[in-house]
């Protein structure tokens with residue numbers, strides 16, 4: 001029964017990872033889940049995870065999570081039961097949620113479990129687990145462009161103090177979601193139904209069935225889709241940071257690493273950048289419009 005959001009359990013999920021692609025061997029290093037019932041947060045889970053591999057310098061620069069912080073932490077299989085308990089029977093909500101779910105599903109599989117089977121049908125009864133994405137909700141309301149989590153949080157005045165950590169981003173997603181559902185049918189807000197939310201994001205997102213391959217961080221995915229320039233903060237092999245404007249062309253795998261091919265305005269030529277060394281991406285044209 002797809003009832004009101006107020007009457008439905010929701011699990012707001014965010015993960016931090018060693019890099020951009022589970023298919024390339026990247027793993028989860030932190031999990032944050034906020035369970036919401038009656039429109040209020042009733043439970044929180046935040047756990048650092050030992051990924052069993054290195055953490056890229058770009059990820060450390062972005063999140064502040066170092067290899068030393070993860071060393072000696074439990075592997076995902078040791079906390080899988082806690083994650084499952086927080087998410088089981090709930091509608092799953094995330095920002096660019098296919099990215100997070102792709103990593104979680106991979107971690108469940110490596111731990112000998114099927115995430116879809118373990119979580120059970122949430123919100124939809126026999127129809128399976130319902131998944132909601134604040135990116136898709138925002139795009140339907142505001143159009144494409146400028147729908148990164150921190151930009152939406154700033155738009156709504158609900159910026160979390162510590163961005164790019166799993167629990168902080170899960171809670172920011174919850175607060176942004178609370179604003180986005182105000183425009184839904186059925187009176188909007190927490191009295192809107194799960195069906196209203198599904199329609200508000202433009203349709204069903206499948207947790208079951210074939211996984212979405214190659215899900216990328218939202219800002220990069222949007223720049224590639226629209227062919228727009230972005231401002232990129234990058235850490236080079238000497239650990240020096242630089243900020244440059246690039247126009248992403250494609251992401252490819254090369255010698256076991258994910259590489260971004262982009263036009264670099266500083267060099268006036270095509271250059272390649274390792275995804276694991278990118279600290280930050282932000283839309284150039286939208287930033288200039290905001291300043292104007």
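The values are calculated or read from the model by the stated rules, or taken from the named source; none is laboratory data. The structure displayed is predicted, hence computed values, not measured ones. Note: ideal-geometry Cβ built from the backbone for every residue, glycine included; neighbour counts use all protein chains shown.
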Open item on the list: Looking at the structure I just gave you, is residue 197 modelled with pLDDT under 85, in contact with a helix residue (DSSP H, G or I) (Cβ under 7 Å, 6 or more places away or on another chain) and closer than 19 Å to residue 101 by Cβ?
Closed with: no
Task: Residue among 112, 128, 148, 143 that alone is in contact (Cβ under 8 Å) with a residue 40 or more places away in the chain, farther than 25 Å from residue 4 by Cβ and not assigned by TED's automatic domain parsing to the domain that holds residue 226 - done: 148
TODO: Could you tell me which numbered condition residue 60 fails, if it satisfies all but one of (1) without any contact (Cβ under 8 Å) to a residue 12 or more places away in the chain; (2) within 14 Å of residue 166 (Cβ to Cβ)?
DONE: (2)
Open item on the list: If I filter region 167-175 for residues that are touching a helix residue (DSSP H, G or I) at 6+ places or on another chain (Cβ under 6 Å), crowded, with 16+ Cβ neighbours inside 10 Å and within 30 Å of residue 227 (Cα to Cα), do I get at least one hit?
Closed with: yes
Open item on the list: Condition first: outside any loop (DSSP other than H, G, I, E, B) and under 16 Å from residue 101 (Cβ atoms). Now tell me which residues in region 19-33 satisfy that.
Closed with: 22, 23, 28, 30, 31, 32, 33
TODO: Pull up region 147-159, narrow it to residues that are within 15 Å of the chain's Cα centre (by Cα) and assigned to a loop (DSSP other than H, G, I, E, B), then point me to the one that is surrounded by the most Cβ atoms within 10 Å (Cβ to Cβ).
DONE: 147
Open item on the list: Just checking: which of the helices (runs of 4 or more DSSP H) contained wholly in region 54-136 hold 3 or more residues that are in contact with a helix residue (DSSP H, G or I) (Cβ under 8 Å, 6 or more places away or on another chain)?
Closed with: 57-63, 76-87, 97-110, 115-119
TODO: For residues that are closer than 21 Å to residue 226 by Cβ and in a strand (DSSP E or B), tally how many sit in region 246-271.
DONE: 16
- [ ] Return the residue satisfying two criteria in turn: it lies in region 273-288 and is closer than 16 Å to residue 152 by Cα and buried (at least 20 other Cβ atoms within 10 Å of the Cβ), and of such residues it is modelled with the lowest pLDDT.
- [x] 283
Task: Count - residues of region 170-184 that are over 22 Å from residue 129 (Cβ atoms) and at pLDDT below 95 - done: 2
- [ ] Taking the options 162, 247, name whichever one is surrounded by fewer than 18 Cβ atoms within 10 Å (Cβ to Cβ), more than 30 Å from residue 3 (Cα to Cα) and in the same structural domain as residue 58 (by TED's automatic domain parsing).
- [x] 162
Open item on the list: Against the condition closer than 19 Å to residue 128 by Cα, in contact (Cβ under 8 Å) with a residue 60 or more places away in the chain and not assigned by TED's automatic domain parsing to the domain that holds residue 259, how does residue 104 come out, does it pass?
Closed with: yes
Task: Tally of residues being free of Cβ contacts under 8 Å to residues at least 40 places away in the same chain, on the phi < 0 side of the Ramachandran plot and in a loop (DSSP other than H, G, I, E, B) across region 224-236 - done: 0
